[in-house]
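Below is one structure, written out as structure tokens; the observations come after it.
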Amino acid sequence: MSKVAIELKDVTKSFDGNQILKGISGEIDEGQVLAIIGPSGSGKSTLLRAVNQLAGPTSGSVVFEGQDLTKVGKQSLNHLGEKIGMVFQSFNLFPNHTVLENVTLGPRRVKKLSEEQANQEAMHYLKQVGMAEKANAYPESLSGGQKQRVAIARALAMKPKVLFFDEPTSALDPENVGEVLKVIQQLAEEKRTMVIVTHEMNFARQVADKVWLMADGQIVEENDSKTLFTAPKEAITKRFIEQVSLV
Ligand SMILES: Nc1ncnc2c1ncn2[C@@H]1O[C@H](COP(=O)(O)OP(=O)(O)OP(=O)(O)O)[C@@H](O)[C@H]1O
Ligand SMILES: [Mg+2]
């Protein structure tokens, strides 16, 4: 039996009385890669933000490490950013810091690592994503794919329990997509617990253990990736897969 890393129970999220997430329940197991796919506006980003409490749920619970995150105090949530790493579509690197500094800032400030220790660990993760040679470069001199690989190293340097990716390749030029997907694939092979919102259907199919198809604030279909892509149960899933594979 695999251990559950995160359990969602009937998570809802409303903005100004408008319900965007309409009761999401499900589990993410340790060492599992969950891909979340679905049409634009279906609530995928909202769900990630609700789970990591950047914009917590309106109702329902998110159980992580035995605690309902919707009930714990601010103090505990301060440490959540260390435990649930986040990689965004837009990289969000600090432009006035070098690649190395981008990776060491969090560990130094939050984990109070010495400069030497933080640099050593950062170089390890930069090597892992193939960016060690650019340690002293500034973000503006990097391609989108390189920036995203630095952003992944930065997330890894916090030694998170879980990594969330929100469309990590959507802002990239097509020629840069592969190098980022390759890094994420390697992380999956290390059996890291990851949740990846993506429009890359082939990637989801190959790398994800489990897929949630979201539409209109709900999980319409949950299945292992092979079944979901080859024998979808729901009409919405069929239509969605057909549509995106035509693009
Ligand atoms: N802060 C907010 N205030 C009001 N409405 C919001 C807010 N954030 C998201 N929404 C609404 O919630 C809905 C779902 O948005 P969300 O960004 O989660 O979709 P998505 O599935 O990530 O879409 P995409 O594939 O385009 O990224 C949208 O209708 C959006 O306008
Ligand atoms: Mg989104």
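Brief remarks follow.
- Cross-link reach list, lysines versus K127, counting only Cα pairs under 16 Å and skipping chain neighbours closer than eight places: K147, K159, K182
- Listed by chain and number, the lysines whose C-alpha is less than 20 Å from the C-alpha of K238, apart from same-chain residues fewer than 8 away, are K44, K210, K226.
- Extension gain for the segment E190 to N96, taken as residue separation times 0.36 nm less the Cα-Cα distance, is 30.6 nm to one decimal.
- Pairwise FRET efficiency - R239 versus Q117, Cβ, R0 = 45 Å, nearest 0.05: 0.30
- Bridge orientation summary for the chain: considering DSSP beta bridges with both residues in this region, about 55 percent are antiparallel.
- Separation of alpha-carbon centers, region 3-48 and region 107-137, rounded to whole Å: 32 Å
- Relative packing of 144-150, 79-85, which averages over residues the other C-beta atoms within 10 Å, highest first: 144-150, 79-85
- Taking every C-alpha pair closer than 8 Å and separated by at least 6 residues, the mean separation divided by the residue count of the chain gives a relative contact order of 26 percent.
- Aspartates and glutamates whose Cα lies under 17 Å from that of K22, excluding same-chain neighbours fewer than 8 positions away: E7, D10, D216, E221, E222
- Annotation: amide H of I24 within the under-5 Å range of D10, V11, T12, sequence separation 5 or more or interchain, hydrogens built in the peptide plane.
- Computed over region 108-197: relative contact order in percent, which uses C-alpha pairs under 8 Å that are six or more apart: 28 percent
- Extending 7 Å from Cα along the Cβ direction at T227 and again at V110 yields two label points whose distance is 3.5 nm.
- Coil-residue GluC sites (Glu not before Pro) of region 136-214, DSSP, other Cβ within 10 Å capped at 15: E190
A short reminder: the numbers here are calculations on the coordinates, not readings from a lab. As the structure is a prediction and not an experimental result, all values here were calculated from the model. Note that each Cβ is placed from the backbone with ideal geometry, even for glycine, and that neighbours are counted across all protein chains shown.
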